Amino acid sequence: MNEEKNPVSAETETIDPAMFEPLDDSEKNAEFIAVESRTFMRDAWNSFKKNKLALVSLFFLIFMILMAIFVPIISPFTYDGQDMSIANQNPTWTHPFGTDKFGRDILVRVMYGARISLSVGFAAAGICMVIGIIYGGIAGYVGGRLDMIMMRVVDILYAVPNLLYTILIMLVFGSNMFSVLLGVCISSWIGMARLVRTQVMSLKEQEFSLAALVLGASKQRILFKHLIVNSIGPIIVSLTMMVPSAIFRESFLGFVGIGISAPMSSWGTLANEARNMIYTYPIQLVWPVGAICLTMLALNFLGDGLGEALDPKKR
């Protein structure tokens, strides 16, 4: 009986054994493309460095913070030390920014004012960020009637002028840093809350959020470990925009005379003191106003740079 030959075996027998020879080491990685592994933050930093204005703004803010810390410490003059013999002196080597009408060194007072203005700005932004994230996150994730009630409360607070809150707080607690900080924060968190609410509402229906819920993650974990973390880019950008807004509000309160009380000085109170001398010694107004303008510009450029670095669509 004739046995049929297996066609597969026949084809195998005709294959050239040379085709199965191992490759040389030089040919194994011929098509390999080496790509450096980078984290999200490192990739964002590399993108941020390409924005020259944002990078210069970051260095300027660091320089301003260091000056605000060390100038009042190492200077032989104090922010409240008076010497009427050198009142209204023009800039000299001893007093680079000159002196005011009481003979106080303006450089020390501007740097001391930077402590207060920057502290109020960063503290207010941090407090508003925490309140806005919690409030907006809960409203956006829970939704329904709770969301409607929480947003109506926001609308009521937004409808009342912020200056009215601040004046009432000043009457109750007096003109001090706590009152200014409370007046700045009382309604500044509303924008952050609305931003977080919008981000959470758009993310909670996506696959990773539903997968975490199916796997048994609690609502608190889904909200703060998944939804808020994935919204960190817009939150950081909004945070950098809140700092110059808080500094401007504090400076405005000081300029109209309801801010930090004398002899302490913020940039707003320094501008308020110097406006009476604008026709005789205008240089005294230049320093606090210049500090306010440059700092706000730097913070705005920094926010734009962070927005481009943290948003993959803009790279």
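From 233, 216, 307, 303, grab the single residue that is part of a loop (DSSP other than H, G, I, E, B), out of contact with any Phe, Trp or Tyr (no Cβ under 8 Å at 6 or more places or on another chain) and either surrounded by 17 or more Cβ atoms within 10 Å (Cβ to Cβ) or not acidic (Asp, Glu) (or both).
Values: 233 fails: part of a loop (DSSP other than H, G, I, E, B); 307 fails: part of a loop (DSSP other than H, G, I, E, B); 303 fails: part of a loop (DSSP other than H, G, I, E, B).
Within the list 233, 216, 307, 303, the selection yields 216.
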Just wondering, is there one or more residues in the stretch 212-221 that are in contact (Cβ under 8 Å) with a residue 24 or more places away in the chain, among the hydrophobic types (A, V, I, L, M, F, W, C) and in contact with a helix residue (DSSP H, G or I) (Cβ under 9 Å, 6 or more places away or on another chain)?
no
From 114, 193, 125, 139, grab the single residue that is assigned to a helix (DSSP H, G or I), of a type in the set (A, V, I, L, M) and over 22 Å from the mean Cα position of the chain (by Cα).
139
Among the numbered criteria (1) surrounded by 20 or more Cβ atoms within 10 Å (Cβ to Cβ); (2) more than 30 Å from residue 282 (Cα to Cα); (3) among the hydrophobic types (A, V, I, L, M, F, W, C), which single criterion is violated by residue 130?
(1)
By residue number, the members of the stretch 276-296 that are surrounded by 15 or more Cβ atoms within 10 Å (Cβ to Cβ) and in a loop (DSSP other than H, G, I, E, B) are 281
List pairs: first in the stretch 39-57 and outside any helix (DSSP H, G or I), second modelled with pLDDT of 80 or more, Cβ under 7 Å, 6+ apart or cross-chain?
51/305
Checking residue 38 against (1) exposed (fewer than 11 other Cβ atoms within 10 Å of the Cβ); (2) modelled with pLDDT under 80, the condition it does not meet:
(1)
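The values are calculated or read from the model by the stated rules, or taken from the named source; none is laboratory data. Quick caveat, the model's predicted, so the values are computed rather than measured. Backbone-built Cβ (ideal geometry, glycine too); neighbour counts: all protein chains shown.
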